[in-house]
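The values are calculated or read from the model by the stated rules, or taken from the named source; none is laboratory data. This structure is a prediction, so every number in the text was calculated from the model and none was measured. Methodologically, a virtual Cβ is constructed for each residue, glycine included, from the backbone with ideal geometry; neighbour enumeration extends over all protein chains shown.
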Protein chains: 2
Amino acid sequence: MRADCEALDAADPLASLRTQFSLPPDQIYLDGNSLGALPVATGARLQAVVAHEWGTELIRSWNSAGWMDLPNRIGDKIARLVGAGPGEVVVADSTSVNLYKVLSVALDTIGSSDERRTTIISDASMFPSDLYMAEGLAAARGLNLRLVDAARDLKLDATTAVVLLTPVSYRTGELLDMHAVTAAAHEAGALIVWDLAHSAGAHLVDLHGCNADYAIGCGYKYLNGGPGAPAFVWVHPRIVNARPQPLTGWLGHAAPFAFQTSYTPADGIQRYIAGTPPVLSLAALECGVDTVLAVESFGGMEALRRKSVALTTLFIEAVLYRCAGTMEVVTPMEPTRRGSQVSLRCRNGSDAYSIVQALIARGVVGDFRAPDILRFGFTPLYTRFVDVFDAVEALVNVLETRAYEALEFQTRAKVT
Amino acid sequence: MRADCEALDAADPLASLRTQFSLPPDQIYLDGNSLGALPVATGARLQAVVAHEWGTELIRSWNSAGWMDLPNRIGDKIARLVGAGPGEVVVADSTSVNLYKVLSVALDTIGSSDERRTTIISDASMFPSDLYMAEGLAAARGLNLRLVDAARDLKLDATTAVVLLTPVSYRTGELLDMHAVTAAAHEAGALIVWDLAHSAGAHLVDLHGCNADYAIGCGYKYLNGGPGAPAFVWVHPRIVNARPQPLTGWLGHAAPFAFQTSYTPADGIQRYIAGTPPVLSLAALECGVDTVLAVESFGGMEALRRKSVALTTLFIEAVLYRCAGTMEVVTPMEPTRRGSQVSLRCRNGSDAYSIVQALIARGVVGDFRAPDILRFGFTPLYTRFVDVFDAVEALVNVLETRAYEALEFQTRAKVT
């Protein structure tokens, strides 16, 4: 009943965090796992950076406004969300480019010590950009990329060089046990790279606790940094100084302003920066990260995870109760095995893309993932229990009225 | 005389272009070669992107607001400034990362056809980030990086694989003959990569006319795209499809939204995109590029170059007349051999850094480049002839009063 959901919202200790966002009043936005919503603070912050720091202070803002320090300052904030320490995370480039850096280093590290380790293990349901990067790096080194069903069988052995996985599948929402998988990779003698794109700000991540090797992640999903926000990168301190990363740009240099002609990598994660920091994007990202850090006053990431589980559980139960005949729940039913999203599939073969579009026409914004997935993200910072209720009722209406059959759509381009 | 400069401004056909910028009234800004000034249009454009496209339209803006097309749309605009064709330039990543892409491809192309070509030729006065990237790529392939004085002797021979140069030295402002150098590289059997960071929007560049192979460039200098703006990349159409570039991210895929598990590079320059486009930074960059394209109604890049030469000539002549005893002009005197900047050095060994700081304290913003260069950029879009006059008078005053000797400064961090 909707009244029950209203009661859940009234009792929600995190309810006030929603006021941090500028949300369109006529939408139920369940796509924060693709593009996080706009923080209220972002517009004014960008105006200040543009008009004052850039427009008036100009070049001196690299120092006086702390522009040069933004990758580190925001990195330190993200570190608090993923179980990393201060000085261990920087914001730089895109998720794909950061993956190239860490996977290159991981492969070179393994390759230099054991040339029989010739296989990268990943999962067919990884976001494709990760697979493309791994494919390219493997081909350049004469290695193999083997795609497994990571939640069922990792297929690790003495030929495994690096395990590249995401804790949360972008398609199914299935959540891996990072501790167990990391331990299994290490036991097999491999290094592990985690892509936290669907994890940072969404569920509990403890990079030090699980003793991971490398991690990268995205700024524009649960971190609410804005479309195409810069990404982050972490390397465990025990190995961060072992090698330079391949994109040896000037701001990863030990002394960038000495303008030396030869490269000396900076100590620590600083060496994973390449070019000049993208200040405008970084300013927006910081506002987004701050919306997640606000949870620290309300029980922290544990509380955020509790609400996320409650939202996804409610959604699954409502779909099973109201649409069991037509919709299959792809995401695991056990809360410990799912991230902050739920994926559905049509039992009757109806077109998932058209159903998503019919829902959007009713103001319920989820998204479609080829070939047949309806995907709904539940950002616990701004999603209410009544939103879950209303979204399922809209889905029931779309299915009952077969509204989707009348729809035709020109373009299918979408962004994860 | 200042009145003569006022007359030059009154007669300047490009004078009205200055109104496109929001310039601080108390400064003479001669550092647009490091960070371009703020366009008036940028603030409102960013607010519209943030509040409407992101805040209200959210994920659908990837299509409805043309976000996905920004790298190509802005790339096409930049192409008009550098003698490239439509569909040949994309905006992506940073200058350093784009250099990694094209230099990798160039080296692999040469290496696969002639393994005796083991040397990258560059110049010791290249911006260090380029040298660091070249050093790293050379080391990974067992090749050599040889630094020459490109304007005097390129030292090309049968071992030359790739020539990596910038038309305008960031330190001295010296301008190379792109046609002659490109022809020399090709005659020697090498490929050439041009870094247009100090060229695009500053002087005449004709990539097709000189039959270059690869070019990259920066968005935040003469293109006025804002601090850390994204960069651009061009590859000649005759070779762009020959190989994939190494950063094989999803938006360089032939069908990114098919979410295939295997990589197929897109046709053309599109394959040089890696991750998701940085929308906020791209929106700001487009405003900046538009300020340069505005010159198309006032005689085009030829007119902009004429004014640039007039400004740098005036500055050099005034420095020679007023400070000949103390300041040496490092930049070549022949207009055809210099970009849109002038670099000075102290004859008496005084500290260039302190002089630059003393000038800044008087509202004349140039910058310092280690170890002994005073650098002044003359962006012809917004620099007036009276600004040149006043800047030189301020320099005279600083030198005569020895104001710089009293100054102490804590930080020297600066950005090119």
- Note on the structure: Only one of A:42, A:19 is assigned to a helix (DSSP H, G or I), among the polar types (S, T, N, Q) and surrounded by fewer than 15 Cβ atoms within 10 Å (Cβ to Cβ), namely A:19
- Query: Does residue B:203 meet the test of being under 17 Å from residue B:380 (Cα atoms), at pLDDT 95 or above and outside the structural domain of residue B:35 (by the TED database)?
  - Reply: yes
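Residue-by-condition table, conditions (1) over 15 Å from the mean Cα position of the chain (by Cα); (2) more than 14 Å from every other protein chain (Cβ to nearest Cβ):
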| site | (1), (2) |
| --- | --- |
| B:53 | yes, no |
| B:61 | yes, no |
| B:68 | yes, no |
| B:71 | yes, no |
| B:79 | no, yes |
| B:94 | no, no |
| B:104 | yes, no |
| B:113 | yes, yes |
| B:122 | yes, no |
- Task: Give region A:217-235 a look and list any residue that's of a type in the set (Ser, Thr, Tyr) and facing chain B (nearest Cβ under 10 Å), or say none.
- Result: A:220
- Message: Name the single residue that is modelled with the highest pLDDT among those in region A:363-416 being within 14 Å of another protein chain (Cβ to nearest Cβ) and over 27 Å from the mean Cα position of the chain (by Cα).
- Response: A:409
- Considering each residue of region A:288-299, count those that are surrounded by fewer than 24 Cβ atoms within 10 Å (Cβ to Cβ) and within 29 Å of residue A:48 (Cβ to Cβ), and give that number. 7
- Task: With the condition kept exactly as written, say whether any residue in region A:146-166 is outside any helix (DSSP H, G or I), touching a residue at least 60 places away in the same chain (Cβ under 8 Å) and among the β-branched types (Val, Ile, Thr).
- Result: no
- Does residue B:145 meet the test of being out of contact with any Leu (no Cβ under 6 Å at 6 or more places or on another chain), modelled with pLDDT of 95 or more and within 19 Å of residue B:114 (Cα to Cα)? yes
- Might you check whether a residue that is part of a loop (DSSP other than H, G, I, E, B), modelled with pLDDT of 95 or more and over 18 Å from residue B:226 (Cβ atoms) occurs anywhere in region B:60-82? yes
- For region B:57-84, name all the residues that are farther than 18 Å from residue B:285 by Cα, touching a strand residue (DSSP E or B) at 6+ places or on another chain (Cβ under 9 Å) and not small (Gly, Ala, Ser). B:58, B:59, B:60
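Condition check ((1) over 13 Å from residue B:88 (Cβ atoms); (2) in contact with an Asp or Glu (Cβ under 9 Å, 6 or more places away or on another chain); (3) surrounded by fewer than 21 Cβ atoms within 10 Å (Cβ to Cβ); (4) polar (S, T, N, Q)) across all residues:
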residue	(1), (2), (3), (4)
B:204	yes, yes, yes, no
B:234	no, yes, no, no
B:245	yes, no, no, yes
B:251	yes, no, no, no
B:259	yes, no, no, no
B:281	yes, no, no, yes
B:285	yes, no, no, no
- Across region B:89-130, what is the total count of residues that are in a loop (DSSP other than H, G, I, E, B) and surrounded by fewer than 24 Cβ atoms within 10 Å (Cβ to Cβ)? 9
- Within region B:24-36, tally of residues that are surrounded by 22 or more Cβ atoms within 10 Å (Cβ to Cβ) and either touching an Asp or Glu at 6+ places or on another chain (Cβ under 9 Å) or more than 7 Å from chain A (Cβ to nearest Cβ) (or both): 8
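Pick out the one residue from A:214, A:272 that is crowded, with 24+ Cβ neighbours inside 10 Å, of a type in the set (Ser, Thr, Tyr), at negative phi and more than 13 Å from chain B (Cβ to nearest Cβ).
After applying the criteria, what remains is A:214.
Conditions tested, residue by residue: (1) touching a helix residue (DSSP H, G or I) at 6+ places or on another chain (Cβ under 7 Å); (2) touching a residue at least 40 places away in the same chain (Cβ under 8 Å).
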{"position": "B:285", "(1), (2)": "yes, yes"}
{"position": "B:296", "(1), (2)": "no, yes"}
{"position": "B:302", "(1), (2)": "no, yes"}
{"position": "B:309", "(1), (2)": "yes, no"}
{"position": "B:312", "(1), (2)": "no, yes"}
{"position": "B:319", "(1), (2)": "yes, yes"}
{"position": "B:334", "(1), (2)": "no, no"}
{"position": "B:337", "(1), (2)": "no, yes"}
- Scanning region B:1-16 for residues that are of a type in the set (A, V, I, L, M, F, W, C) and over 20 Å from residue B:288 (Cα atoms), which turns out surrounded by the fewest Cβ atoms within 10 Å (Cβ to Cβ)? B:1
- Of all residues in region A:174-193 being touching a helix residue (DSSP H, G or I) at 6+ places or on another chain (Cβ under 7 Å) and within 28 Å of residue A:17 (Cβ to Cβ), the one that is nearest to the other protein chains (Cβ to nearest Cβ): A:174
- Query: Does residue B:41 satisfy the criteria of being touching a residue at least 40 places away in the same chain (Cβ under 8 Å) and either of a type outside the set (Val, Ile, Thr) or within 8 Å of chain A (Cβ to nearest Cβ) (or both)?
  - Reply: yes
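Inspect all residues belonging to region A:281-290 and state whether any of them is within 28 Å of residue A:335 (Cβ to Cβ) and either β-branched (Val, Ile, Thr) or assigned by the TED database to the domain that holds residue A:385 (or both). Working first, answer last.
So in region A:281-290, the residues within 28 Å of residue A:335 (Cβ to Cβ) come out as A:288-290.
Among the residues that remain, those that are also either β-branched (Val, Ile, Thr) or assigned by the TED database to the domain that holds residue A:385 (or both) are: A:289.
Scanning region A:281-290 turns up at least one residue that is within 28 Å of residue A:335 (Cβ to Cβ) and either β-branched (Val, Ile, Thr) or assigned by the TED database to the domain that holds residue A:385 (or both).
Listed here are the residues, each with its yes/no results for (1) surrounded by fewer than 24 Cβ atoms within 10 Å (Cβ to Cβ); (2) charged (D, E, K, R); (3) more than 29 Å from residue A:16 (Cα to Cα); (4) in contact (Cβ under 8 Å) with a residue 12 or more places away in the chain.
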| residue | (1), (2), (3), (4) |
| --- | --- |
| A:347 | yes, yes, yes, yes |
| A:361 | yes, no, no, yes |
| A:365 | yes, no, no, yes |
| A:376 | no, no, no, yes |
| A:379 | no, no, no, yes |
| A:382 | yes, no, no, yes |
| A:394 | yes, no, no, yes |
- Which pairs have Cβ atoms under 6 Å, sit 6 or more apart or on different chains, and link a residue in region A:124-135 that is charged (D, E, K, R) to one that is in a helix (DSSP H, G or I) and surrounded by 22 or more Cβ atoms within 10 Å (Cβ to Cβ)? A:130/A:99
- Query: From the set of residues in region B:246-269 that are part of a loop (DSSP other than H, G, I, E, B) and among the aliphatic types (A, V, I, L, M), which is nearest to the other protein chains (Cβ to nearest Cβ)?
  - Reply: B:247
- Hey, residue B:51 surrounded by fewer than 22 Cβ atoms within 10 Å (Cβ to Cβ), under 19 Å from residue B:293 (Cβ atoms) and of a type in the set (A, V, I, L, M, F, W, C) or not: no
- Message: Can you tell me which of (1) among the charged types (D, E, K, R); (2) touching a residue at least 60 places away in the same chain (Cβ under 8 Å); (3) out of contact with any helix residue (DSSP H, G or I) (no Cβ under 9 Å at 6 or more places or on another chain) is the one residue A:73 doesn't meet?
- Response: (3)
- Selected residue [over 26 Å from residue B:129 (Cα atoms), touching a strand residue (DSSP E or B) at 6+ places or on another chain (Cβ under 8 Å) and of a type in the set (A, V, I, L, M, F, W, C)] from B:242, B:254, B:231, B:215: B:254
